[in-house]
1. Show the residues, 5+ positions off or on another chain, whose built amide H is closer than 5 Å to the amide H of GLY254.
2. Just reorder THR487, THR625 by solvent-accessible area, largest first, 1.4 Å probe, all chains present.
3. Averaging sequence separations of C-alpha pairs under 8 Å and six or more residues apart, then dividing by the length of the range 449-517, give the relative contact order as a whole percent.
4. Among LYS304/LYS379; LYS327/LYS379; LYS379/LYS501; LYS363/LYS501; LYS327/LYS363; LYS379/LYS507, which pairs are too far apart, with a Cα-Cα distance over 23 Å?
5. Arrange the residues ASP366, ASP449 by how much accessible surface each exposes, largest first, with a 1.4 angstrom probe.
6. With a point put 7 Å past each Cα toward its Cβ, work out how far HIS16 is from ARG571 in nm, to one decimal.
7. Suppose the chain between ARG529 and ALA454 were pulled fully straight at 0.36 nm per residue; how much longer would it get relative to their current alpha carbon spacing?
8. Radius of gyration and Dmax for the range 485-565's Cα atoms, expressed in Å?
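The values are calculated or read from the model by the stated rules, or taken from the named source; none is laboratory data. No experiment lies behind these values; they were computed from the predicted model shown. As a convention, Cβ positions derive from the backbone with ideal geometry for all residues, glycine included, and neighbour counts pool all protein chains shown. With ligands, DNA and RNA removed, areas are computed over all heavy atoms of the protein, side chains included. Shrake-Rupley method; radii C 1.70, N 1.55, O 1.52, S 1.80 Å.
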Amino acid sequence: MNVLPGPMASDLRAIHRRAAVVGAAIGLALIGVGAKAARIAVDEHEAYAEQGNRQQLRSYKLPASRGEIVDRDFMTLAINDRVHRVVLNPRFIRAQGDDVVHAVTTALQALLPAEDPAYFAAELLKDKAYRQLRGTLGDAAAEQLQKLGLPGVSLEPASERVYPRGLLASHVLGRVGGQGDGTAGVELGMDEALRGRDALSPAYWAAGKKLLIDGVPDPGVARGDTVVLTIDSAIQAMVEDEINVLTRQWNPVGASIVVLDPRNGEILALANRPTFDPNHPVERAEQTQNLAVHAAYEPGSTLKAITVAAALEQGVIRENEAFYCEKGRWQYTPRNIIHDAHPAEWLTVTEVLAASSNICTTKIADRLGKATLHRWVSKFHFGERPAVELPGATAGLLAPHDKWSDIQAANISFGQGMSASPLQVAAAFAALADEGNYHPPTIVQRVIDSDGNALPRPLRSERMVRASTARTVLRMLESVVHTKLGTGKNAVVDGYRVAGKTSTAQKSGKQGYDDGQYYSSFIGTLPARAPRVVILVSVDSPEGAHFGNDVAAPSFARLGAQIMVHLGVPRDDGSAPPPPKKVTLAASDPKLIEGFLPDVDVEPDLPGQRRAPVVTSRTGLPDFTGLTLAQALDLAQSARVELRAVGSGIAVLQDQEPGQVASGTPVQVFFEPPT
């Protein structure tokens, strides 16, 4: 057995020396590293931090979220929906082989059936690494696509403008373009308030991906304002139904209905035919034309009320004065004859309006003279673009009086030889209904910013005539509907006196007036002695009849009856109107509600939201969680509590539990952007 000799003492000493040297070296190295780290962390910290930020810190863009459009009762009419866009890497997909290309094409065709299969094939053939497809997917379809795990296919979050009510008030709302900017209606007229502005915040990035957001700004900074319209969705639904009945019966070229509150100029409803659904592409450009605002037509006999009001105000006629109407035919100038549709001899001023006499209206206008007549017609804002928040409003046409011939002056007195939009006519008539006060027509009631603050809206009014003159003219206009001589007997509304005026204006063409082509209309207000609404029904070129009493007045009567019930306006004898009928809202999934109570939210569910509960106790604190800011404000008002909003988006927390509280109790509600 061999025994190895043990290490010599000199060897052990050498090992210890080498270990000490290595240990000392390591110690010195650690001290050096520590000193260097200390110098970097303390002395050179700012320089290295700046270098790191230059490499990793970039600006993170928080895109603006377009604000909501709601009606006067905070029912959502336009909102941004969260959707998903499909992104392809065609280069990578083709590299995986034909089977993958086929699988991707099949999946896309199933999830985006509206697209042409050739479109997908063309996109996959492009030599690109990034292609965002047109069309969007909802949450369910996006989840289905993700489960397939297709290579080279990804999803990006996006927003899409949604109009939950479809056709309802489409010409009022307008639509947005491919870049998210308003292109028509309120979407365009209030685009600056709705679109908000993008916000920027620093973010840390690595490998092309955002890792950490540093100091995200309040999303409310990037959120557009909520625009509250004057529209009453229940009245709008009634108008949409009635204009459908009218167009089916008379097959006109176009038709418009406007409902105004004469006390403030607020537009309660406005509809046109033809129309469109802003959720879908438009087939014909004329579908998007807001005839009530953009189109100019001869107002016809409606203007006789303005002529009479001016003459009474000027003192050139008396209320009970009689005029000889030439038995329906008057040689006004050597070359011009004026006719009446209903020949008569002597008529009082009231009867002149009732029978709609062109001849006697001309005799009244002659007492005013051309300059004075022009001044009064201009004073009622004809020939002037209305200051409504709907782009493209026409000013109509009113020539200077020094350009008028004698027959042109006569024509102006009964609404020919000039033009105006239905909205202009309704606003002028509303001045007579509000005791001579003109209120510029408006479609926007108020604007609410992301903090819940209502931004001020200017309220203007202008006196046209004395209150006594306006009341006298309205009393005269009752004879149009409620007397045997009247031309508007089909406008009778059971239980209410109506003051109104028919109009049957011949359309002008290249060679003068066209035979058989008319604008038929009726405008009126009710109750006549305490007006609540002005309704104008205008029909372009109806087939089968053309008198305003036959074509337009029946629609006025049906609408007037429904609106009085909806508003709860007592009958003229003081009795209460019957209970409201069910109102059907225009929507893809319409729901019925009794009387369209404003504290009931009947809109379809939207992503990230829940339906607002009905508050049965007026002093009960509701549960606000899950509601949008607009919904929460409406609910707080109904519950009589003071809402103090923090942030924007969807309500996630409130500082008090739901339950019974005193009226006026403040509640703080926290909102966060939808995820």
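1. Amide H neighbours of GLY254: ASP540.
2. Solvent-accessible surface, decreasing: THR625, THR487.
3. Reported as a whole number, the value is 20 percent.
4. LYS327/LYS379; LYS379/LYS507
5. If we order ASP366, ASP449 from most to least accessible, we get ASP366, ASP449.
6. 12.3
7. 23.6 nm
8. Cα only, the range 485-565: 13.7, 47 Å (Rg, Dmax).
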